[in-house]
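The values are calculated or read from the model by the stated rules, or taken from the named source; none is laboratory data. Every value quoted in this text rests on a predicted model; they were computed, and no experiment measured them. Every residue, glycine as well, gets a Cβ built from its backbone with ideal geometry; the counts of neighbours run over all protein chains shown. Please note that ligands, DNA and RNA were not included when accessible areas were found on the heavy atoms of the full protein model with its side chains. Shrake-Rupley method; radii C 1.70, N 1.55, O 1.52, S 1.80 Å.
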Amino acid sequence: MDSILVSGGGELNGQIPIAGAKNACLTLMPATLLSEEPLTLTNAPRLSDIKTMTELLQSLGAEVTSLQDGQVLAMSSHDINNHTADYDIVRKMRASILVLGPMLARDGHAVVSLPGGCAIGARPVDLHLKALEALGAELELKDGYVHAKAPGGLKGGTVDFPLVSVGATENVLMAATLAKGTTVINNAAREPEIVDLADCLRKMGAQIDGDGTSTITVQGVDRLHGATHPVVTDRIELGTYMLAPAICGGEVELLGGRLNLVGAFCEKLDAAGISVEETDKGLKVARRNGRISAVDVVTEPFPGFPTDLQAQMMALLCTANGTSVLEEKIFENRFMHAPELIRMGAQIDVHGGTATVTGVDRLKGAPVMATDLRASVSLILAGLAAEGETVVSRVYHLDRGYEHVVGKLSGVGAKIERIKGQ
Ligand code: UD1
């Protein structure tokens, strides 16, 4: 297994290009199943999760061709000949459940393996299933699989989500585009990835209003057609690399970044003493003079502070002046990076969903282990600021969500290299 060696110390200066959003691409790809005509995505990120979704779609009979070094995905679902999403693929990635709504809407039947647990919490799919039932789907859970049927086709209905779920909103939004009549989705997720999906579906002929607010209305149509769509900028990759100069000092411009993708996050950076400026190419981030200030963070659905940036923010706050409190409200077990940061000299107390971080002058390099995607990049950020060398092992987690991490960070002056495993 590969690992990443980081030597901490210097300032970072220069530019980092930000890729298309992993989480948007993982929901735009299954949208191909809604139409017999081709769907082409541009600005796609080059990530192992995208390969897993490609494999899943191909197993169903879709054609997925990766062009321009993976930045363009040309897809066609003309010949869907298998309606079973197999456990062997689904278990690798929870977003696989997003093929359920589209397959059911288009062909009236689908069998999808339950994704199972995940390191950051239980993460059930009950909300996805209840939402599809509200559209008339008949569901049965058998041998670890969801067997879904809609013999006369899906029918528009009202979906009242008891809590905000990004994935469940995406699944039912896609399904509703081909349901007969009107669907109203209440307490819908408002993430930019939902708006991006709705934009793409509209290009395919769907009638959707209210995306980006908590009530989305969909007027079902008989069929959707082909389209070409650029994937929205990855706000989590953006926020992650905004933290690099914040932690190390220096000034870095994040190409393609936009303030409206990271509003709540920027408010916290500002309070910590980091300046963020919008330029014509993206966002320029610099650390103002002196040690950064402690800030409290509560993770929330968009437009709140994203759970996917909590681990990286914790890496910053480890060397802040004072005590910061981070509350994780989305996933129950998302502080697995804390023990690893403690190995590097951080002072962190975790009680349930709350982590209290008392800033220290300096972190010290250490061997650490990546436990999930965002945790792994937080350890790299911490390593960049630490004295000495940090070796982050199990970096396959990182490959799921960050393309060319070594190239992007060494391009702004970081001392970082990938060490090939046996
Ligand atoms: C998506 C993102 C993930 C991000 C998360 C929250 C993708 C591929 N992943 O995950 O990076 O961290 O949003 O912003 O887009 N829940 C249920 N029942 C369900 C579904 C969810 O109880 O059926 C719970 C979850 O356990 C969690 C909360 O709802 O506590 C929010 O999860 P959700 O928004 O669904 O996250 P994902 O879509 O899986």
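Any residue at all in the range 66-75 that is on the phi < 0 side of the Ramachandran plot and assigned to a loop (DSSP other than H, G, I, E, B)?
Yes, the conditions are met somewhere in the range 66-75.
Within the range 120-143, how many residues are in a loop (DSSP other than H, G, I, E, B) and away from the ligand (no atom under 16 Å from the Cβ)?
Adding up the residues that qualify gives 2.
How many of the residues in the range 1-54 are within 16 Å of the ligand (Cβ to nearest atom) and open to solvent by 30 Å² or more (accessible area, probe 1.4 Å)?
Residues flagged as within 16 Å of the ligand (Cβ to nearest atom) and open to solvent by 30 Å² or more (accessible area, probe 1.4 Å) within the range 1-54 amount to 3.
Return the residue satisfying two criteria in turn: it lies in the range 76-99 and is in a loop (DSSP other than H, G, I, E, B) and within 23 Å of Asp372 (Cβ to Cβ), and of such residues it is nearest to the ligand (Cβ to nearest atom). Step through it out loud before you land on a result.
Looking only at the range 76-99, we keep the residues that are in a loop (DSSP other than H, G, I, E, B), and these are 77-83, 86, 91-93.
If we keep only those that are within 23 Å of Asp372 (Cβ to Cβ) as well, we get 91-93.
Working: Arg91: 15, Lys92: 13, Met93: 8 Å.
Only one residue fits best here, namely Met93.
Among the helices (runs of 4 or more DSSP H) contained in the range 298-403, which hold 2 or more residues that are modelled with pLDDT of 95 or more and touching a strand residue (DSSP E or B) at 6+ places or on another chain (Cβ under 8 Å)?
Working: elements: 310-317, 337-343, 373-385, 396-399.
The helices (runs of 4 or more DSSP H) meeting that bar are 310-317, 337-343, 373-385.
What are the residues in the range 226-257 that are within 16 Å of the ligand (Cβ to nearest atom), touching a Leu at 6+ places or on another chain (Cβ under 7 Å) and open to solvent by 10 Å² or more (accessible area, probe 1.4 Å), if any?
Within the range 226-257, Thr233, Arg235 qualify.
Considering only the range 201-225, state which residues are surrounded by fewer than 19 Cβ atoms within 10 Å (Cβ to Cβ) and either within 16 Å of the ligand (Cβ to nearest atom) or closer than 15 Å to Leu409 by Cβ (or both).
Gly212, Ser214
For Gly282, state whether it is in contact (Cβ under 8 Å) with a residue 12 or more places away in the chain, over 23 Å from the mean Cα position of the chain (by Cα) and farther than 18 Å from Arg374 by Cα.
Taking the combined requirement at face value, the residue does not satisfy it.
Across the range 258-285, which residue is nearest to the ligand (Cβ to nearest atom) among those that are of a type in the set (Gly, Ala, Ser) and either closer than 17 Å to Ile18 by Cβ or in a helix (DSSP H, G or I) (or both)?
That would be Ala264.
Pick out the one residue from Arg106, Arg190 that is open to solvent by 50 Å² or more (accessible area, probe 1.4 Å) and part of a helix (DSSP H, G or I).
That would be Arg106, the only listed residue that is open to solvent by 50 Å² or more (accessible area, probe 1.4 Å) and part of a helix (DSSP H, G or I).
I'd like to know if the range 95-108 contains one or more residues that are of a type in the set (Lys, Arg) and at pLDDT below 95.
no
Quickly run through the range 156-195 and pick out the residues that are in contact (Cβ under 8 Å) with a residue 40 or more places away in the chain, within 15 Å of the ligand (Cβ to nearest atom) and either more than 15 Å from Pro303 (Cα to Cα) or of a type in the set (Phe, Trp, Tyr) (or both).
Residues satisfying the conditions are Gly167, Ala168, Thr169, Glu170, Asn171, Val172, Leu173, Met174, Ala175, Ile185.
Could you list, in sequence order, all residues of the range 294-323 that are surrounded by 24 or more Cβ atoms within 10 Å (Cβ to Cβ) and more than 23 Å from Asn23 (Cα to Cα)?
Within the range 294-323, Leu316, Leu317, Cys318 qualify.
Which members of the range 71-87 meet the condition of being open to solvent by 10 Å² or more (accessible area, probe 1.4 Å) and in contact (Cβ under 8 Å) with a residue 24 or more places away in the chain?
Those that are open to solvent by 10 Å² or more (accessible area, probe 1.4 Å) and in contact (Cβ under 8 Å) with a residue 24 or more places away in the chain: Gln71, Val72, Ala74, Ser76, His78, Ile80, His83, Thr84, Asp86, Tyr87.
Of all residues in the range 327-359, which are more than 15 Å from Asp372 (Cα to Cα), in contact with a Ser or Thr (Cβ under 8 Å, 6 or more places away or on another chain) and within 15 Å of the ligand (Cβ to nearest atom)?
Passing the criteria: Glu327, Glu328, Lys329, Ile330.
Determine if the range 134-152 includes at least one residue that is buried (at least 24 other Cβ atoms within 10 Å of the Cβ) and closer than 15 Å to Ser214 by Cβ.
no
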